[in-house]
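I have placed the structure first, in the form of structure tokens, so that the comments after it can refer back to it.
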Amino acid sequence: MKSFSARLMVDLRYLRALSRRFRSTLLLAAVIFGMGPLLFQWRFVGPGGDRISYGEALHHVYFLLFGQPSLPYVSDWLVESLNILIPPISIALVVDGVVRFAYLFFARHKNDKEWVTVVSETMKGHVVVCGAGRVGYRVVTQLREMGKDVVVVEKREDATFVSALRDENVPLLIDDTRSPLCLPRTHVKRASAIVCATDDDLANLNIALDARRLNPGIRVVIRLFDDDLGAKVRDTFKAEALSSSSLAAPAMALAALDPRLVHSFRIGKHLMVVSLFVVRDGLPGLNVSQVRDRFGGLALSLIRGAEETLHPHGDVVFQPGDQVTIQASYPEYCILRAFTGEAEAPAYADHDNFLMPGYRPTG
């Protein structure tokens, strides 16, 4: 939940963006209510020769907004010109300006195009995510957890996670990304990155090219199903092109070999894995630095009893029963598992038990 001060700052930024959008309306209102009463005070002379006060003149201008003059008729061309011109101008001011201004300020949940445009104008360094499917929604969730402002673009109103994003008050633009006005509505010129996560490779490429044209310095991440195309895009356009198959393949292959692996990724040619170790054989008595120097394993977290420590210090000594999450290359991981007497991955029947203190792999 955002704090009150954070919400107040967002509201002030939004009000400032609205003020810029309606500056002509605000200027016209200032002229009518600022200059109008002064002109009436200057030229209006009552039947008895009395002049009116500024308050009476302001009162008269206010009621002229509704076509109800509060001062009597006088034979003065300027006064009567103002009496004739102010009502129609004021109607246009109220209908086109005040009503739309109030609607955009108070009806934020509507998520129409104009509202999203105004909200986007309050942002700088935000991330534009194109696609509200499963991948796009997870990207948005991760970015918001890291405190980043996000604007989402989706072509279809009935997309899978449109309702969920609206419930979470994420600015969501329903528009065709091929429209020349789509990306400008997201204020992409001031965005730090764009994630092209639709299920259409060609659409993702078009979005990326349009974003680079509008903002040459923007970071581009593209979801592509074609691995060969991804490599060409990465080299040619200097964009991060990711395919679902290339991301999922290592995780699926390693999950088939060893269920103790919780994550995997590549650094160049090296396959890196993350696994949870329960300290039993071999590790007790060693400290974090010794495991790193002997096996190349980096301790990411250590759970001892009810206490969890991220990035434990190098001189922390492992004790029986500790649960430590270690990152290493896959060959180093295999050597470390062999050192702890757990070279064989647990069978499926043992999968839920391998964290138990007395666990030993079967077979």
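The values are calculated or read from the model by the stated rules, or taken from the named source; none is laboratory data. Remember, predicted model here, so these are calculated numbers, not experimental data. Note: ideal-geometry Cβ built from the backbone for every residue, glycine included; neighbour counts use all protein chains shown. Areas reflect the complete protein model, heavy atoms only, side chains present, ligands, DNA and RNA absent. Shrake-Rupley method; radii C 1.70, N 1.55, O 1.52, S 1.80 Å.
In the stretch 296-313, what residues are over 18 Å from ARG266 (Cβ atoms) and surrounded by 13 or more Cβ atoms within 10 Å (Cβ to Cβ)? Of everything in the stretch 296-313, those that are over 18 Å from ARG266 (Cβ atoms) and surrounded by 13 or more Cβ atoms within 10 Å (Cβ to Cβ) turn out to be ALA299, SER301, LEU302, ILE303, ARG304, THR309, PRO312.
With respect to ILE335, determine if the residue is open to solvent by 70 Å² or more (accessible area, probe 1.4 Å) and either modelled with pLDDT of 80 or more or within 24 Å of ARG266 (Cα to Cα) (or both).
Here the answer is yes, as ILE335 does meet what is asked.
Please determine whether any residue of the stretch 224-240 is surrounded by 14 or more Cβ atoms within 10 Å (Cβ to Cβ), at pLDDT 85 or above, β-branched (Val, Ile, Thr) and more than 21 Å from ARG138 (Cα to Cα). Within the stretch 224-240 (the criterion being surrounded by 14 or more Cβ atoms within 10 Å (Cβ to Cβ), at pLDDT 85 or above, β-branched (Val, Ile, Thr) and more than 21 Å from ARG138 (Cα to Cα)), the answer is no, since none of the residues qualifies.
Does the stretch 183-208 hold any residues that are hydrophobic (A, V, I, L, M, F, W, C), farther than 17 Å from VAL152 by Cβ and either modelled with pLDDT of 90 or more or surrounded by 15 or more Cβ atoms within 10 Å (Cβ to Cβ) (or both), and which are they?
LEU205 - this is the single residue of the stretch 183-208 that is hydrophobic (A, V, I, L, M, F, W, C), farther than 17 Å from VAL152 by Cβ and either modelled with pLDDT of 90 or more or surrounded by 15 or more Cβ atoms within 10 Å (Cβ to Cβ) (or both).
Scanning the stretch 153-173 for residues that are out of contact with any Ser or Thr (no Cβ under 8 Å at 6 or more places or on another chain), in contact (Cβ under 8 Å) with a residue 24 or more places away in the chain and not charged (D, E, K, R) gives ALA159, THR160, PHE161, VAL162, ALA164, LEU165, ASN169, VAL170, LEU172. Taking the numbered list (1) modelled with pLDDT under 80; (2) farther than 30 Å from THR122 by Cα in turn, HIS59 passes all entries but (1). Selection over the stretch 316-332 of residues that are open to solvent by 70 Å² or more (accessible area, probe 1.4 Å) and in a loop (DSSP other than H, G, I, E, B) gives a count of 2.
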